[in-house]
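Structure record follows, encoded as structure tokens.
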Amino acid sequence: MIRSYARHTRHVFAVVLSILLIPSTLAANNHLSAYDRQRLLQVIDTAFPPRDLATVHFGVLAHKSLNNPIPKQEEVCKFLTAGLIDPSNVELNFYLATTWKAIGSCSGSVPTASMNRVFSDVLAKESSSITDLYYATAGLKALGSAISKEVQKKVAKTVQTILKDDSVSNIAYALHIATHLGPEGLFAFDRIEDVLVVADEVDGKFLQFEGGLSITALVISGTFGLADVLKKDPPITPQQTVKFANYFVSRRTVQTVKGVQNLLNVLSILSQNKFQTHVSVSVVGNKAVSIDDPMISMRVCDLLGRPITAQIGLTLENFVRLSDNTPILTMVPFEQTSDKMVYNTRLVKPKGETPGLYQMTVSVTASAASKLIGNIDMPLDIKILAHAVFPDALLIGTADSDQVTQPKFQKVNYPNKLSQVLEVDSLQKLALRFTVKEKVTAKPLTVHQAFVMLTHQVTKEESIFVAEKDNNGQYKLDLDLGAKGNELSSGVHNVDLIIGDMILSNSILWKVADVKLNLGTNVPSPSSAVPPMYLPKHEIKHLFREPERRPPIFVSNLFTGLLLIPLLLLFILWFKLGINLSNFSFSLSTFGFHIGLGAIFCLFGLFWLRLNMFETLKYLLGLGVVTFLCGNSLLARLASQHKR
């Protein structure tokens, strides 16, 4: 299976591996935030007070991964020393031994000799399953008991036999077992490449194994654990490790204590090992800067959100405007703040910068001995925001619709409102002119939303129109009221200007003026000011299909009589010919058959009148069995009499 597939692809994998060793822009996309850790603690704390040994085991180890004290430790210790486990169950003995060691400061004692015997018996059996071997080897390590070289060789042989079924779970457990076998565990190290080949890649960002978090965490923790014991670099590339880390961080919403422990344990291993130390770089706060807030802050930490132990620095490699790929800044160092994990630098110069979308690439620098991964040319999307201003007064006025003369404008300065009410009739148009510029650079801005909204003061009905930008950079709106008469009502309207864009730090809603529209229609009264959506709806009257016309009663009775004619004919013939009852025998089967047959006919009548199909079938089953048995006996007797 995995072994045969890997053998055929090993030469291809070696080529790909050599390519992947080149530094890449792929980086760990996140880390556990303070909120994530707090939520995971809430899941872990469901294991306390102790009720189930397995849950307590995972809860204690999870707290140890976060370097937290064990809650209700005295109760946990009493629970461990209560002797409530099956002494022959290797899994429960493993939970007890590892939990006892993890706490390390419990008073009292646990049955160490009994647990040693259980674990040793498992290792001595050639028929032990791979999970039992995992529990036994890890349990002996937790108890501080050494495994003899003879037993190591025997266990290694047993595991290799089991690995003929080289499923991912078997290899994962074999990696952990091999960490306790010393040099004898080298056979499992050769299987790491085999199992990594079958990992599923998702969106080019994640790597995982079928089976989810538990199996994936078991493989990765076993890979680095065995590499540490054998003092050999694990055959896993930085790019693969980062993709596995991305998958683990994406599972931070896990809801079980076991899942949380698996997650925290593997993230701790990936954050602190001798071969590859993960670095997570993320933007602190909003991914946007402006002339008023020109600094960008970055957080550099490990996957658990803790500081990097090595001496590091953070450098802005490139800061590029995406609209034209123009580099703005290169090779700018970040400065470390009082928070040792946070670094910042200035992205917007005092004279300002063109608003829009940008991309910056950052790199974490450290000594080669630190072996950082995921720290080279990490891309991050940033926005530079603009502060919109109106450099000139807004012009608002009216003009005749059929003339090309310029409207008579009045000036309004932001944020003031025109003091007088403009009057416009259906033969005129309402005109607005305005310019939007950036506050510092004084360059014209092109915004996605430049709307003029007219709101009726009585009905509150809103009508929104788009202001278009001309070649001179000026926004204009010429609203022909004659053409828009069906969208507007007569009366006084508020005129509001709406300016908005994703690159604006200050969206604008400006009450410009009031206009009175005379469109030749009646002004809505206050009683009709309630929006239609809030008024009572018309009653919905359902029209059901009229029943089809029935035939006259005479026709119905006529056909009923015609159906009864055969029955009447039967009685007439019986009367003329006579009824022969000489063969009728007064026996149980005879009465049973005829009564059963009559009951079945009555049941069909009840089915027509009141019973449903399921009730009818239930009664028919009983009647049918009795009628069949009685009828069979009656026919057998009649046949016997006929032969005689």
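Bear in mind that the values in this text are calculations on the coordinates, not laboratory data. These numbers were taken from a predicted model, which means no experiment stands behind them. Cβ sites come from the backbone with ideal geometry, for glycine too, and all protein chains shown count toward neighbours.
Key figures
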| read-out | value |
| --- | --- |
| Label-point separation, Asn67 to Leu535 (7 Å along Cα→Cβ), nm | 6.9 nm |
| Efficiency of FRET from Cβ geometry, Leu588 and Glu615, R₀ 30 Å, rounded to 0.05 | 0.60 |
| Protection-proxy order for peptides 405-418, 134-147, each taking the mean of Cβ atoms within 10 Å per residue, highest first | 134-147, 405-418 |
| FRET efficiency, Asn557 to Lys643 (Cβ-Cβ, R0 51 Å, nearest 0.05) | 0.50 |
| Near-label residues of the stretch 215-254 by backbone N, under 11 Å of a point 7 Å along Cα→Cβ of Asp203 | 247, 250 |
| For the stretch 331-374 and the stretch 119-187, distance of Cα centres in Å | 47 Å |
| Dipole magnitude of the chain about its Cα centre (Cβ charges: Lys, Arg +1; Asp, Glu -1), debye to nearest 20 | 1820 debye |
| Residues Glu150, Glu184, sorted so that the one with the fewest Cβ neighbours within 10 Å comes first | Glu150, Glu184 |
| Per-residue [θ]222 nm for the chain (sum of -39500 (n - 2.57) over DSSP H runs n ≥ 4, rounded to 500) | -12500 deg cm²/dmol |
| Pairwise FRET efficiency - Leu427 versus Met331, Cβ, R0 = 60 Å, nearest 0.05 | 0.40 |
| Sequence ranges 324-330, 487-493, 503-509, ranked by mean other-Cβ count within 10 angstrom, highest first | 487-493, 503-509, 324-330 |
| Residue (of Gly313, Val458, Asn518) at the positive-pole extreme of the chain, dipole from beta-carbon charges | Gly313 |
| Extension reserve of the Arg549-Asp478 stretch, reckoned as 0.36 nm per residue once the Cα distance is removed | 19.1 nm |
| Chymotrypsin sites (Phe, Trp or Tyr not before Pro) restricted to DSSP loop in the stretch 568-610 with at most 13 other C-beta within 10 Å | Phe584, Phe586 |
| Residue among Gly592, Leu181, Val90 farthest towards the positive dipole end of the chain, charges placed on Cβ | Gly592 |
| Ordering of 562-570, 280-288 by burial proxy (mean other Cβ atoms within 10 Å per residue, highest first) | 280-288, 562-570 |
| Within the stretch 389-531: Cβ-based charge dipole about Cα centre, in debye rounded to nearest 20 (Lys, Arg +1; Asp, Glu -1) | 480 debye |
| Disulfide-incompatible cysteines by the Cβ rule (no partner under 4.7 Å) in the chain | Cys301, Cys602, Cys630 |
